[in-house]
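Student: Submitted below is the structure of interest, expressed as structure tokens.
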Amino acid sequence: MRHRSTSRALYELLSSMRFAISLLTLLGVASIIGTVVKQNEPYNNYLNQFGPFWFPIFEKLGLYSVYNSFWFLTILGFLVLSTSACIVRQARPMVKDMKGFREHARESSLASFAHQARLPVSRPAAEARAATLAYLTANGFTTRENTREDSVLLAAKQGSWTRVGYFLAHGAIVLICIGGLLDGNLPLKIQMALGGKQLTTGNQLIAQIPPESRLGVDNWSFRGNVFIPEGKSANTAVLNVQDGILLQDLPFTVSLRKFHLEHYESGMPKRFASDILITDNASGKSVEKTIEVNKPFEFAGVMMYQASFEDGGSRLRLLGHDLRGGSRPPFPAEAVVGEAVALKEAGLDYTLELGSFRAFNIENMAVDKPEAEAGSLARLDKHLGSGARSPADKDMQNVGPSIQYKLRDSAGQAREYQNFMQPILQDGAWYLLTGMRNDPSAPFRFMRIPMDDDGRPDSWFAIRRVLLDTARHPEIARRFTATALGAEAGPEVLGRMQETTARTLELFAKGGFESLGKFIESTIPEAERDKAADVFIKILEGSAWEAWKMARTDAGQPAIAPAAQHARLLRDTLNATNDSLHYGAPVYFQPTGFDEVRATVLQVTRSPGKPIVYLGSLFLVLGVFAMLYIRERRLFVLIKDSGEALVALSSNRKSMDVDESFRRHRDALATLLNPAPRP
Amino acid sequence: MEIAHKDSAALLRRLNPGDWLYALALAGGALFALRQYGGFMDIYDKAILLFTVPGLAAMGFAWKPFRVFLAAATALALASIALYQGDLARAEQVFFLKYLISSQTAIMWMSALFFIATGAFLLGLAARSDFADATGSALTWCAVTMGTTGLMVRWYESYLIGTDVGHIPLSNLYEVFVLFALMTGLLYLYYEGRYATRRMGAFVLLVISAAVAFLLWYTFSREAQEIQPLIPALQSYWMKVHVPANFIGYGAFALAAMVGVADLMVRKGILASRLPPAEVLDDVMYKAIAIGFAFFTIATILGALWAAEAWGTYWQWDPKETWAFIVWLNYATWLHIRLTKGLRGPMLAWWAIVGLVVTAFAFVGVNMFLSGLHSYGSL
């Protein structure tokens, strides 16, 4: 007896509205956590974010995968329990209420309704009864009669379907939760706990992954990714679970024929599509299909979606320019995206890790015009018209392919570089751009290698080599001084000038403009610094010009004449040479050619809960509309032989609509039962 | 909004020739669109277009002024299209396009009209002036007409940029903010007519004005008004149903919160003599939350169906999804407490106001503070 009352109390609690509302609130608050802490990131990110103290605590609490955590699923479980208990508890009274007409209601109880009125009846009772019945039917009521000694009660009702809405809406919650559980990672957890499946690390060959980390083709609920380079095929999916992976064997093999990547003029992605060939492992039958975003495809009970794309191992041809001193010629190199190449052959103790390749880069090349100093009216005017961007503001251009790679030295330190394959027009001249950064989260700082008259970077490399070669500084100084001062200058002046020039070159070769700046700051009074800086720049430019001529003589090239574009080239050369001193690498790789190989990432899923969830969703919509918009009304008309009628109206809801519909029915019945005498 | 009519036969009997003309025009328009542009639509797009006809017809039958509004907006949009002659550059050359009915200009007019309407309603409330209220109401009608015209023309303009760029303007934060202002405005106008009071306008138009102020800031400082092509995930017919359903929800919740403010003031005796009685405000609040909840439920489910197609999962607890769930939970609880517990009074009004904060976070806050798949507009 005692036990029975406890379970009874539990049932009462579970099915109570207070408990349900507490659960809904709790669920809402719990859900917020998962939007604050980013979910399902690599565990290292969390370790960095929270530190070694909090990381394991948060892991225990399941904060990295809140919605799959034990406690969250428990709350959901209670919601299912509570809703189910509520349905069970309400079922009998509601069905009874739906069916019943309450035609035995007593006059005294009708008289106590909030909406009731006594109306005079001037027509004979039978006629009044018939007229009322007709009125009720016309207004969508179903009616049951109860004849009493001195009266007849017409008990009418409408909108009982709102009760069905209750069952639909609440049943829907249970269905959706159950379906969701089937599609969540609970089945996987159970397999890991009971089936002995174990996570493994991602960085190994698929063939090496042991059977206890592979899930069989008969697995009925999973979600994983398949990575397929163009021209290759795959028959396993990778499931990322916590900080490891599991392999899911698929009942078919997918080959990627071609991956389509299309862009709008603005460079925004327009279409991702995979032309695939699927071959059933059992029957050997094949299907060709194109999968794109928003256009998934189902095969053998597995849904396949276009999830993302990656590089599938594009092959790059590079030209390595040695940036150290000496006259080493450029050397060719080959690299594959995702692979590392040792640069021993080129005499460099570095590894080249080619990270990514982009076949094109679309940039807005329009020159930023300073915001017109016009008033607000002009600004308004600018925003009137069509929603299209005015063509004057944009000049989207493809600036060609680029690569991103890391150079790792023997100590394991790496710097990252981004190099463009084609020269890019900037400020009216063409440059090869190469960006460098030490920190992966920092933006690239670009070095602009100027192009010469032949549209090649060669002159820069040649001038730079001479300019940074300390052994040639005296010769440069001599030639520069001779050109700058002319023949009539005395030997003393010449000597001083040569010394200054050699010193300038030495400082520049050591640390670029920065060394010169420091030198100026430490030796020259503040008032004269600007002037001195100008002199140093002039010396450097003149020296660079001499260096260029010397480099051309070295290479057996004809002499060149001074020209405006040459002056600019020299300035750019000095800037780039200065930047190259901070480039952090002894070599610059210029991309010269590529064979692009793309890879697609398809998401593959089996979600047995989906039909259940969809059915639940349909029930939910029907239920919500039925509950909110089918109005239950019970109208009682007690017609007494004494020439009086009692009209009473009740509803399962209290609202202004009920008041209004009572007024309407009361007034209509009043005229019906007591028609105005005809004139 | 009356979804279930007790007597649909009676409703049909009440239809006048104007109603039939209206329905005929809707059907004609849909058939024309099918014939002319059917090549751009897939079967689902066509189905949505065809279902729009009975949907809008029912709206017009149940709420007569809606017919005039839709006719006016359509006429303006068609006039704009006629003036364009298929050339986008004419937006800068033709006076009526540049200063009246090109999409940006129309949306600017909408913004201005909403501001003036807010002023008129405030004046009406302060001076107990029925004339000012009537002016506010008329201006609100004009504002929603211009806004709707703007969106329709924007749809057309997007196809002038390029047939691969063209899409319904419901794709980013800018466009849905216009939609939000329109939906809230239309819902307000409906309740204004149904409850025969214009005094709620001062409150509801405030939230619309706030949205419009944001819209203007977004335009002037972020150039957000530029039509952008759709990324692959958004290229789907689902957008045409998911987004509008969502914004009926957001609009209704916003309206309910503002009516809640009025309700609280009346209960405290502030402006009580100028505002409708608390029971009326309470009823409007309930009606708005009910319609909002129903459509928000549909929208969330439609979003789940779309997610299943685009991302491979109907639900993956993306921040936007999670916050939609929180909003849904919030109003589900509100309705339980009101309908089942029968609670009335200031607590529900307070709750509706808090609900707007939660809704606003789900709408804008998630895009600002949290990242996820569903980030189609950043600030």
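Student: By accessible area of protein heavy atoms, probe 1.4 Å, what ranking do A:K654, A:K189 get, highest first?
Tutor: Values: A:K654 140, A:K189 75 Å².
The most accessible residue leads, giving A:K654, A:K189.
Student: I need to check one value: relative contact order of chain A, counting alpha carbon pairs closer than 8 Å and at least 6 residues apart, in percent.
Tutor: On the way: 1117 pairs, mean separation 146.5, N = 679.
It comes to 22 percent, rounded to a whole number.
Student: Just subtract the alpha-carbon distance of B:K64 and B:A82 from 0.36 nm times their residue separation and send over the number in nm, one decimal. Can you show the working numbers first?
Tutor: Values: separation 18, 0.36 × 18 = 6.48 nm, distance 2.77 nm.
Full-extension gain reported as 3.7 nm.
Student: For every helix of n ≥ 4 consecutive DSSP H residues, a contribution of -39,500 (n - 2.57) applies; sum these over the protein assembly as shown, divide by its total residues, and give [θ] at 222 nm rounded to the nearest 500 deg cm²/dmol. Display every interim value, and only then the final one.
Tutor: Numbers: 30 runs with 549 residues, N = 1058.
Helix-only estimate at 222 nm: -17500 deg cm²/dmol.
Student: Right, something else. Classify the stretch B:15-62 from the C-alpha gyration tensor, please: rounded if a/c falls under 1.5, else prolate or oblate depending on whether a/b exceeds b/c. Numbers along the way, then the final one.
Tutor: Working: a/c = 5.16, a/b = 2.03, b/c = 2.54.
Oblate, since a/c reaches 1.5 and b/c is not below a/b.
Student: Ignoring ligands, DNA and RNA, what percent of the accessible area of the stretch A:1-158 is carbon or sulfur (1.4 Å)?
Tutor: 62
Student: Report which residues of the stretch A:634-679 become buried by 30 Å² or more of accessible surface when going from the isolated chain to the complete set of protein chains (1.4 Å probe; DNA, RNA and ligands ignored).
Tutor: A:R653, A:K654, A:M656, A:D657
Student: On a 0 to 90 degree scale, rounded to 10, what angle separates helix A:2-14 from the longest Cα axis of chain A?
Tutor: Orientation of helix A:2-14: about 60 degrees from the principal axis.
Student: Could you pull out every residue, at least 5 positions away or on a different chain, whose amide H is within less than 5 Å of the one on A:K270? Hs are placed 1.01 Å off N in the peptide plane, and Pro or chain starts have none.
Tutor: HN-HN under 5 Å from A:K270: A:E262, A:H263, A:Y264.
Student: Another question about this same structure. What is the helix-to-structure angle for A:458-467, meaning the angle in degrees between its Cα long axis and the longest Cα principal axis of chain A, kept from 0 to 90 and rounded to the nearest 10?
Tutor: Rounded to the nearest ten degrees, it is 60.
Student: Taking every residue in B:298-305, how many Cβ atoms of other protein chains lie within 10 Å of its Cβ, on average? Write down the numbers at each step before the final one.
Tutor: Details: counts 5, 0, 2, 9, 2, 0, 4, 3.
Mean inter-chain Cβ contacts per residue within 10 Å come to 3.
Student: Given R₀ = 60 Å, what would the calculated FRET efficiency be for B:F95 paired with A:A114, taking r from the Cβ atoms and rounding to 0.05?
Tutor: On the way: r = 62 Å, r/R0 = 1.04.
Rounded to the nearest 0.05, the efficiency is 0.45.
Student: Working out 0.36 nm times the residue gap between A:E644 and A:E310, then minus their Cα-Cα distance, what length gain in nm do you get to one decimal? Present the calculation step by step, with values, prior to reporting the outcome.
Tutor: Values: separation 334, 0.36 × 334 = 120.24 nm, distance 8.42 nm.
Between A:E644 and A:E310, full extension yields an extra 111.8 nm.
Student: Here's something else I'd like to know. Just grab the label-to-label distance for A:R663 and B:Y37, each label 7 Å out from Cα along the Cβ direction, in nm (one decimal).
Tutor: 4.5
Student: Calculate the mean, over all residues of peptide B:226-235, of how many other protein chain Cβ atoms lie within 10 angstrom of the residue's Cβ.
Tutor: Numbers: counts 8, 4, 5, 7, 4, 7, 12, 5, 2, 6.
Taking the mean over all residues of the peptide, I get 6.
Student: For the stretch B:91-184, state the average projected area of the convex hull of the C-alpha atoms over all orientations, rounded to one decimal in nm². Display every interim value, and only then the final one.
Tutor: Numbers: hull surface 26.0 nm².
Averaged projected area of the stretch B:91-184's Cα convex hull equals 6.5 nm².
Student: Per residue of B:312-325, how many C-beta atoms from partner chains lie within 10 Å of its own C-beta, taken as a mean?
Tutor: Details: counts 13, 8, 10, 7, 4, 11, 3, 7, 1, 2, 9, 4, 0, 4.
Average neighbour count from other chains, rounded to a whole number: 6.
Student: Here's another thing I want to ask about it. Using r as the Cβ-Cβ distance of A:E526 and B:L15, and R0 as 56 Å, what FRET efficiency do you calculate, to the nearest 0.05? The partial results should precede the final answer.
Tutor: Working: r = 90 Å, r/R0 = 1.62.
Rounded to the nearest 0.05, the efficiency is 0.05.
Student: Assigning unit charges at the beta carbon (Lys, Arg +1; Asp, Glu -1) and nothing else, what dipole magnitude in debye, to the nearest 20, does the stretch A:610-679 show about its Cα centre? Before the final figure, lay out the partial values.
Tutor: Values: 11 positive and 7 negative charges, 36 e Å.
Here the size comes out at about 180 debye.
Student: Also: If exposed means no more than 13 neighbouring beta carbons inside 10 Å and the site is in a DSSP loop, what's the longest run of chain A without any exposed GluC sites (Glu not before Pro)? Display every interim value, and only then the final one.
Tutor: Values: sites that count: A:E149, A:E339, A:E371, A:E373, A:E488.
Answer - A:489-679.
Student: At what distance in nm do the modelled label points of A:Q413 and B:S129 sit from each other, each positioned 7 Å from its Cα along Cα→Cβ?
Tutor: Those two pseudo-labels are separated by 7.5 nm.
Student: Next question, about the same structure. Below 12 angstrom from the Cβ of B:S371, what's the summed charge of the other residues (Lys, Arg +1; Asp, Glu -1)? Before the final figure, lay out each step's value.
Tutor: Details: positive: A:K38, B:K320; negative: A:E41, B:D318.
The answer is 0.
Student: So what is the orientation-averaged projected area of the stretch B:221-335, using the convex hull of its C-alpha atoms, in nm²? It would help to have the intermediate numbers written out before the result.
Tutor: Values: hull surface 39.2 nm².
The number I arrive at for the stretch B:221-335 is 9.8 nm².
Student: From Cα pairs below 8 angstrom and at least 6 apart in sequence, can you work out the relative contact order of the stretch A:454-559, rounded to a whole percent?
Tutor: That works out to 37 percent.
Student: Multiplying the sequence separation of A:E488 and A:R214 by 0.36 nm and subtracting their Cα-Cα distance, what value in nm do you get?
Tutor: The A:E488-A:R214 span can extend by a further 89.8 nm.
Student: Tally up the carbon and sulfur contribution to the accessible surface of chain B as a whole percent, 1.4 Å probe, everything protein left in place.
Tutor: Values: 10290 of 14540 Å².
Carbon-and-sulfur percentage of accessible area, whole number: 71.
Student: Taking loop as defined by DSSP and a crowding limit of 13 other beta carbons within 10 Å, which trypsin sites (Lys or Arg not before Pro) in the stretch A:276-319 fit?
Tutor: Details: sites: A:K285, A:K289, A:R315, A:R317; in loops: A:K285.
Those satisfying the criteria are A:K285.
Student: Can you list which of the trypsin sites (Lys or Arg not before Pro) found in the stretch B:177-274 are DSSP loop residues with at most 16 other C-beta atoms within 10 Å?
Tutor: Sites meeting the loop and neighbour criteria: B:R274.
Student: Can you pull the one-decimal nm distance between simple spin-label points at A:R437 and A:R389, each 7 Å off the Cα toward Cβ?
Tutor: Reported label-point gap for A:R437 and A:R389 is 2.2 nm.
Student: On a C-alpha basis, how far is the centre of the stretch B:335-366 from the centre of the stretch A:408-471 in Å? Whole number, if you could?
Tutor: So the two Cα centres are separated by 59 Å.
Student: Excluding A:L574 itself, what net charge comes from residues whose Cβ is under 12 Å from its Cβ, given Lys and Arg +1 and Asp and Glu -1? Numbers along the way, then the final one.
Tutor: Numbers: positive: A:R448, A:R464, A:K538, A:R568, A:R571; negative: A:E541, A:D572, A:D579.
Net of charged neighbours comes to +2.
Student: May I ask you to derive the FRET efficiency for A:R257 and A:F331 from their Cβ-Cβ distance with R0 = 35 Å, giving the value to the nearest 0.05?
Tutor: On the way: r = 36 Å, r/R0 = 1.04.
The computed FRET efficiency comes out at 0.45.
Student: Another question about this same structure. Kindly report the accessible area of the stretch A:454-559 per residue (heavy atoms of protein chains, probe 1.4 Å, no ligands, DNA or RNA), in Å². Intermediate results must be reported in sequence, preceding the final value.
Tutor: Values: 5910 Å² over 106 residues.
Accessible area per residue: 56 Å².
Student: For a quick check of your reading of the filter: which trypsin sites (Lys or Arg not before Pro) in the stretch B:309-379 sit in a DSSP loop and have no more than 11 other Cβ atoms within 10 Å?
Tutor: Working: sites: B:K320, B:R338, B:K341, B:R344; in loops: B:K341, B:R344.
Within the stretch B:309-379, the qualifying trypsin sites (Lys or Arg not before Pro) (loop, at most 11 other Cβ atoms within 10 Å) are B:K341.
Student: If you don't mind, there's one more thing I want to ask. From the alpha carbon gyration tensor of the stretch A:454-559, can you work out the equivalent ellipsoid semi-axes (sqrt of 5 times each eigenvalue) and give them in Å, largest to smallest? Don't skip to the answer; put the middle values down first.
Tutor: Numbers: eigenvalues 121, 64, 25 Å².
Ellipsoid half-lengths, sorted descending, are 25, 18, 11 Å.
Student: With everything on Cα atoms, drop me the angle between helix A:491-523 and the longest principal axis of chain A, reported from 0 to 90° to the nearest 10.
Tutor: For A:491-523 against chain A, the angle is about 20 degrees.
Student: Which residues of the stretch B:254-291 end up with at least 20 Å² less accessible area in the presence of all protein chains than when their chain stands alone, using a 1.4 Å probe?
Tutor: In the stretch B:254-291, residues shielded by partner chains: B:D283, B:Y286, B:K287, B:A290.
Student: Hey, can you grab everything whose amide H is under 5 Å from the amide H of A:H115? Only 5+ residues off in sequence or another chain; H modelled, so Pro and N-termini drop out.
Tutor: Correct list: A:L649.
Student: List the residue ranges in chain B for DSSP H helices whose C-alpha atoms run 20 angstrom or more along the long axis and whose Kyte-Doolittle average is 1.6 or above. Intermediate values should be presented prior to the final figure.
Tutor: Working: long enough: B:17-37 (29 Å, 0.62); B:43-62 (29 Å, 1.38); B:65-84 (29 Å, 1.66); B:103-127 (35 Å, 1.56); B:130-161 (46 Å, 0.47); B:173-194 (31 Å, 1.01); B:201-222 (30 Å, 1.75); B:238-268 (45 Å, 0.89); B:278-310 (46 Å, 1.27); B:319-335 (24 Å, 0.28); B:346-360 (21 Å, 1.83).
The answer, listed by residue number, is B:65-84, B:201-222, B:346-360.
Student: For the protein assembly as shown, max minus min Cα coordinate along each principal axis, in Å, sorted largest first?
Tutor: Result for the protein assembly as shown: principal-axis Cα extents of 142, 73, 58 Å.
Student: How compact and how long is the stretch A:258-399, expressed as Rg and Dmax of its alpha-carbon atoms in Å?
Tutor: 24.5, 74
Student: If you don't mind, another one. Kindly give the semi-axes, whole Å and largest first, of the ellipsoid equivalent to chain B, taking each as the square root of 5 times a Cα gyration tensor eigenvalue.
Tutor: Details: eigenvalues 197, 128, 99 Å².
Gyration-tensor ellipsoid for chain B: 31, 25, 22 Å.
Student: Lys and Arg at +1, Asp and Glu at -1: add these up for the other residues within a Cβ distance under 14 Å of B:L123 and post the number. Present the calculation step by step, with values, prior to reporting the outcome.
Tutor: On the way: positive: B:R128, B:R198, B:R199, B:R274; negative: B:D130, B:D133.
Neighbourhood net charge equals +2.
Student: Let me ask another. With the cut-off at 1.5 for a/c, could you classify the stretch A:1-149 from its C-alpha gyration tensor as rounded, prolate or oblate? Can you show the working numbers first?
Tutor: Values: a/c = 4.88, a/b = 2.99, b/c = 1.63.
In terms of gyration-tensor shape, prolate.
Student: For the stretch B:39-158, what is the per residue volume of the convex hull drawn over the alpha-carbon atoms, in cubic angstrom?
Tutor: On the way: hull volume 13.9 nm³, N = 120.
In the stretch B:39-158, the Cα convex hull volume per residue is 115 Å³.
Student: Let me check the size of the stretch B:66-136 from its C-alpha atoms; what are the radius of gyration and Dmax in Å?
Tutor: Just the Cα atoms of the stretch B:66-136 yield Rg and Dmax of 15.9, 49 Å.
The values are calculated or read from the model by the stated rules, or taken from the named source; none is laboratory data. None of these values were measured; they are calculated from a predicted model. With ideal geometry, Cβ positions are generated from the backbone for all residues, glycine too; neighbour counts draw on all protein chains shown. Note: accessible area is taken over every heavy atom of the protein model, side chains too, but ligands, DNA and RNA are not part of it. Shrake-Rupley method; radii C 1.70, N 1.55, O 1.52, S 1.80 Å.
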